[in-house]
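See below for the structure under consideration.
The values are calculated or read from the model by the stated rules, or taken from the named source; none is laboratory data. All values reported here derive from a predicted model rather than from experimental measurement. Here the Cβ is made from the backbone with ideal geometry for all residues, glycine too, and neighbour counts use every protein chain on show. Side chains included, ligands, DNA and RNA excluded: accessible areas come from the protein's heavy atoms. Shrake-Rupley method; radii C 1.70, N 1.55, O 1.52, S 1.80 Å.
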Amino acid sequence: MTGEGLNTIADRTSAVRALAMGSLAMMVTGLQPLLLSELADAGRLSPALVHPAAIVDMLCMAASVAGCALLVPPTALRRWAGAAATGCILVGLGALIAHDGQFLVLRALGGLCGGVLIWITVGMIARQPRPEPWAAAFFLAQSAGQVILAGVAVSLLAPRFGPAGGVLLAAGLSGLALVCALLGPTALPDLRRPQGGRRPGRRGLLALAALFLYFAGNAALWFHMRPLAEAEGLGQISGTIVVVTLAAQMVGAMAALALAERISRRALFGLVVGLALLAAALLATHPPAALFIAAFGLAAFAALLLGASLFGILNAADPGRRAGAISPTAQFCAAALGPLAGMAAAAGAGPFAALAVAAACALASLALAWISLPKGGSASRDCA
């Protein structure tokens, strides 16, 4: 395959399969905190290891994506993806017999294998002439899928099969990812520079740092959603927040598609940060239930607006598309480290300190985005 995008019907079909493969891999990752908590309740895992195991998973995924994007030529992708998906299946089944610290090893291996699948999916999206629709589909599929599958695991599988039901569900999802992997793209255009390899340029690195900071703050906020609700006496509304935020994410993705040709990258990033700051400010006012839910809906809208637009933004900062191809590294590191920053702040000042962390990260991300992004023009026009 040559060129910047996937233009034939066959290529688009394999691209859709690659999208499904990465979405399934992210659903498996998203299920892990729930599955690990169930295993802890069953006495198979120390409760103190649940959060570290999830962090190990994310950090290993980040390292895997970075290593593949920087070091591995994007050829023989079906073999890479097939081996990685098989590894995910074996790791998932290993949870049926593992105990305590063995789960840390399993999640590390699962993260490394899952990162290979994400590398291929994101590499495909980053190379599209117009990446926004693909990114929107990717983020929405994994978000909705994680919520639906968590409901299936808790309501249908756990009562009948215990933790083994969720474990087998995750392994089954990895099996579907294997099918998609064997039918996905065989290769992608290489992003190697004439000099300097596949590493993003300076502006691309700054844009990735901006992405990391924004999503770290966002992760800190969402990690403290229940503590914040309980502090306001609203602990019973968590389910409503999940439903509202899914709807807000869908609207955010559609807004990203609508704005892609009409707004500059700087203005778009500024809009996202402004909405995030407004959400944090609303939560800081000790709002009633309706406004509390609306604030998290606003935060979800902003996050998907950025998520569906991030490839166009990163491609504008780094037209060689190398920053876009490595973007999951920044996001996974943010998902792992953002909650830790929020926890450190909340340990001394309560859950509302997480709002300050989220706001500070958002402002710092805007400063870096302003430096890294060129003036004027839409992301889609710059990257086409």
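For segment 235-384, what value does the Rg/Rh ratio take when both radii are computed over Cα atoms and Rh is the Kirkwood radius, given to two decimals? With Rh from the inverse mean 1/r over Cα pairs, Rg/Rh is 0.99. For segment 212-321, with all protein chains in place and a probe radius of 1.4 Å, 72% of the accessible heavy-atom surface sits on carbon or sulfur. Scanning the chain for trypsin sites (Lys or Arg not before Pro) lying in DSSP loops with no more than 11 further Cβ atoms inside 10 Å, the longest uninterrupted stretch between such sites is 1-261.
Quick one: compute the contact order of the chain, relative version, from alpha carbon pairs under 8 angstrom and 6+ residues apart, as a percent. Present the calculation step by step, with values, prior to reporting the outcome.
Numbers: 649 pairs, mean separation 101.2, N = 384.
Taking the mean separation of contacting Cα pairs over the length of the chain, I get 26 percent.
Note on the chain: with a GNM built from Cα contacts shorter than 10 Å, the maximum mean-square fluctuation among Gly123, Gly151, Gly342 falls on Gly151.
Please identify which residues in segment 75-100 have an amide N closer than 12 Å to a label point set 7 Å out from the Cα of Thr13, following the Cα→Cβ vector. Of the residues in segment 75-100, none has backbone N under 12 Å from the label point off Thr13. Averaged over its residues, the chain has an accessible area of 39 Å² per residue, based on protein heavy atoms and a 1.4 Å probe. The calculated FRET efficiency for Ile97 paired with Gln236, based on their beta-carbon distance and R0 = 35 Å, is about 0.40. Applying the Karplus relation 6.51 cos²θ - 1.76 cosθ + 1.60 with θ = phi - 60° to segment 75-84 yields 3J(HN,Hα) values of 10, 6, 5, 5, 5, 4, 5, x, 5, 5 Hz, where x marks Gly and Pro. For segment 177-235, treating each Cα as an identical point scatterer without solvent, what Debye log10 I(q)/I(0) comes out at q = 0.25 1/Å? One equal scatterer on each Cα of segment 177-235 leads to -0.94. Ligands, DNA and RNA left out, the accessible area of segment 18-95 computed with a 1.4 Å probe is 73% carbon and sulfur. Tell me which label goes with the value of Kirkwood radius over Cα pairs in Å computed from the coordinates here: (i) 22.0; (ii) 24.5; (iii) 20.9. Among (i) 22.0; (ii) 24.5; (iii) 20.9, the one calculated here is (iii).
The listed residues Trp119, Trp80 rank as Trp80, Trp119 when sorted by accessible area, largest first, using a 1.4 Å probe.
Within the shell defined by Cβ-Cβ distances under 15 Å, the residues around Pro47 carry a net charge of -2, with Lys and Arg each +1 and Asp and Glu each -1.
Computed from the C-beta positions of Ala76 and His286 and an R0 of 45 Å, the FRET efficiency is 0.20 to the nearest 0.05. Across all Cα pairs in segment 30-188, the calculated P(r) in 5 Å bins from zero up to the longest distance comes to 2, 10, 16, 21, 21, 15, 9, 5, 2, 0, 0 percent per bin.
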